[in-house]
Amino acid sequence: MSYKYTYFDRTRRFLFRDLPNFFKNIWKFRKALWTHQWWDYSGTLDFIQIAVDDIANGIEKKGIEVEDSRMKKVAKMRRVVEIIKNIREDRYFDIVEKELGRGLYNNHFDFEPYDDEPDLYEIVDKSSEEEKKFNREFFERVAILEEMEWRELLEILKGQDLKRFDKEKDFDEEFDGSGLRSWWD
């Protein structure tokens, strides 16, 4: 019987490796564990963000892989964390504001009496056509940017199709660091 399968070794591994790792993970994922709800994807994004950031820190500081490919992976992991922060903190309005050089126009709404019923009021938008057009374009740009980042996030996690690599070229030239399955050391 091999030493690693003995009762003593399994007990030792549980007490000195697995159990401490369990408590470290509880501490590491405490925010995600606290806020996770079955009805909301936000908690799932928390888990992914924390885990990918942890992998990036470990590979960057302690990784033994060749520098070029290792740092490509770390860069992609950092991008995943940034995209998830953008999604969770709804940073797209700030990003588009910086792009366009100004924020949304404040809508000018008034309450006016309804024609047939004097006790009822309707909300009337008093914004100019220029303001409405700018706000509409602003919201469209926010939606496009968010959609682009969701697609980028999924593409990074999926990774490159290695079958499409040119066998004549060097692997490091074609490899961009994406692919959750390749993020290990």
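The values are calculated or read from the model by the stated rules, or taken from the named source; none is laboratory data. Predicted, not measured: the structure shown is a model, and the values here were computed from it. Methodologically, a virtual Cβ is constructed for each residue, glycine included, from the backbone with ideal geometry; neighbour enumeration extends over all protein chains shown.
Data table
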item	result
Unmet requirement for PHE171, which otherwise passes all of (1) under 30 Å from ILE50 (Cα atoms); (2) surrounded by 13 or more Cβ atoms within 10 Å (Cβ to Cβ)	(2)
Matching residues in region 35-62 - criterion: being part of a helix (DSSP H, G or I), in contact with an Asp or Glu (Cβ under 9 Å, 6 or more places away or on another chain) and not small (Gly, Ala, Ser)	THR35, ILE55, ILE59, LYS62
Number of the exception - ILE123 against (1) assigned to a helix (DSSP H, G or I); (2) aliphatic (A, V, I, L, M); (3) touching a strand residue (DSSP E or B) at 6+ places or on another chain (Cβ under 9 Å)	(1)
Qualifying residues in region 63-86 (those that are part of a loop (DSSP other than H, G, I, E, B) and not small (Gly, Ala, Ser)) - the one surrounded by the fewest Cβ atoms within 10 Å (Cβ to Cβ)	ILE64
Top-ranked residue of region 88-113 - restricted to ones that are outside any helix (DSSP H, G or I) and charged (D, E, K, R), ranked as farthest from ALA143 (Cα to Cα)	GLU112
Selection count where residues are of a type in the set (Lys, Arg) and either in contact (Cβ under 8 Å) with a residue 12 or more places away in the chain or in contact with a strand residue (DSSP E or B) (Cβ under 6 Å, 6 or more places away or on another chain) (or both), scope region 157-175	1
Residue that is among the polar types (S, T, N, Q), in a helix (DSSP H, G or I), surrounded by 14 or more Cβ atoms within 10 Å (Cβ to Cβ) and without any contact (Cβ under 8 Å) to a residue 60 or more places away in the chain, where the choices are ASN25, ASN21	ASN25
Residue in region 132-168 that is surrounded by the most Cβ atoms within 10 Å (Cβ to Cβ), counting only those that are among the charged types (D, E, K, R) and under 17 Å from ARG78 (Cβ atoms)	GLU149
Residue list for region 36-88, filter: more than 15 Å from TRP184 (Cα to Cα), at pLDDT 95 or above and acidic (Asp, Glu)	ASP46, GLU82
Residue match in region 80-91 (condition: touching a residue at least 24 places away in the same chain (Cβ under 8 Å), touching a Phe, Trp or Tyr at 6+ places or on another chain (Cβ under 7 Å) and among the hydrophobic types (A, V, I, L, M, F, W, C))	no
Criterion (touching a residue at least 12 places away in the same chain (Cβ under 8 Å) and either closer than 30 Å to PHE47 by Cα or out of contact with any Ser or Thr (no Cβ under 9 Å at 6 or more places or on another chain) (or both)) met by exactly one of LYS73, LYS98, LYS133	LYS73
Qualifying residue in region 87-104 (condition: basic (Lys, Arg), surrounded by 10 or more Cβ atoms within 10 Å (Cβ to Cβ), in contact with a His (Cβ under 9 Å, 6 or more places away or on another chain) and more than 25 Å from SER182 (Cβ to Cβ))	no
